[in-house]
Amino acid sequence: MIRVLLPLAVVAAILFGPMYTVKIYDPVLQEETASPQSGMKLVQPTVDCWRKKNYSFSGDCAPKGGMKGTAMLASIAAGGVAAAIGVFGLLPFVGRLTSVVTTLAGGVIVLAIGYFAMTMMGAGNESTEAVQWGTYLAGGGGLLTLISGLAGMRGK
């Protein structure tokens, strides 16, 4: 059951948790404020295309943010596939086979979130403030997904 819930938790953290901040200048108050943004901001075009049954990753359906958006989309896709296949892993004779998919999904999530965090932290003077707690939550969830997949291959 944990191999179903952990990937779904990672997907929820990416889509709805604050992943990074954007500085916005308010012309009325004449000050700059930081606005937290979720990962949905990066993958919104792709999600909208998929809802319209246009299964494409290029052109208008490409994720925003270049490679960072693609990394977020890869994390979401890997988590979704691992959760869907993990449901079949609840059957006793299929459990270890789905653990391989869960392990791979955890690895993809950790790598993608690590890439996102490292590129955001290397962006400038205030770059460590650019990464929000949702990034760390998704990375930790990806690591737990990886560990649960490895434990499932052992038979636990």
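Taking the range 16-35 only, how many residues are of a type outside the set (Gly, Ala, Ser), within 25 Å of the chain's Cα centre (by Cα) and either over 21 Å from THR46 (Cβ atoms) or surrounded by 20 or more Cβ atoms within 10 Å (Cβ to Cβ) (or both)?
Quick first cut of the range 16-35, residues of a type outside the set (Gly, Ala, Ser) only: 16, 18-33.
This time we only want the ones that are within 25 Å of the chain's Cα centre (by Cα), so: 16, 18-24.
This time we only want the ones that are either over 21 Å from THR46 (Cβ atoms) or surrounded by 20 or more Cβ atoms within 10 Å (Cβ to Cβ) (or both), so: 19-21, 23-24.
Residues in the range 16-35 being of a type outside the set (Gly, Ala, Ser), within 25 Å of the chain's Cα centre (by Cα) and either over 21 Å from THR46 (Cβ atoms) or surrounded by 20 or more Cβ atoms within 10 Å (Cβ to Cβ) (or both): 5 in total.
What are the pairs, 6+ residues apart or on separate chains, where a residue within the range 74-92 that is under 13 Å from GLY106 (Cβ atoms) has its Cβ under 9 Å from a residue that is at pLDDT 85 or above and not in a helix (DSSP H, G or I)?
SER75/GLY39
Considering every residue within the range 44-62, establish whether at least one is buried (at least 16 other Cβ atoms within 10 Å of the Cβ), within 13 Å of the chain's Cα centre (by Cα) and under 27 Å from LEU104 (Cβ atoms).
No, the conditions are met nowhere in the range 44-62.
Within the range 113-127, is even one residue surrounded by 15 or more Cβ atoms within 10 Å (Cβ to Cβ), over 26 Å from THR46 (Cα atoms) and not hydroxyl-bearing (Ser, Thr, Tyr)?
No, every residue in the range 113-127 fails to be surrounded by 15 or more Cβ atoms within 10 Å (Cβ to Cβ), over 26 Å from THR46 (Cα atoms) and not hydroxyl-bearing (Ser, Thr, Tyr).
Looking only at the range 75-86, which residues are of a type outside the set (Val, Ile, Thr) and surrounded by 20 or more Cβ atoms within 10 Å (Cβ to Cβ)?
SER75, ALA78, GLY79, ALA82, ALA83, GLY86
The values are calculated or read from the model by the stated rules, or taken from the named source; none is laboratory data. Keep in mind that this is a model prediction, so the values were computed, not measured. Virtual Cβ from ideal backbone geometry, glycine too; neighbours counted across all protein chains shown.
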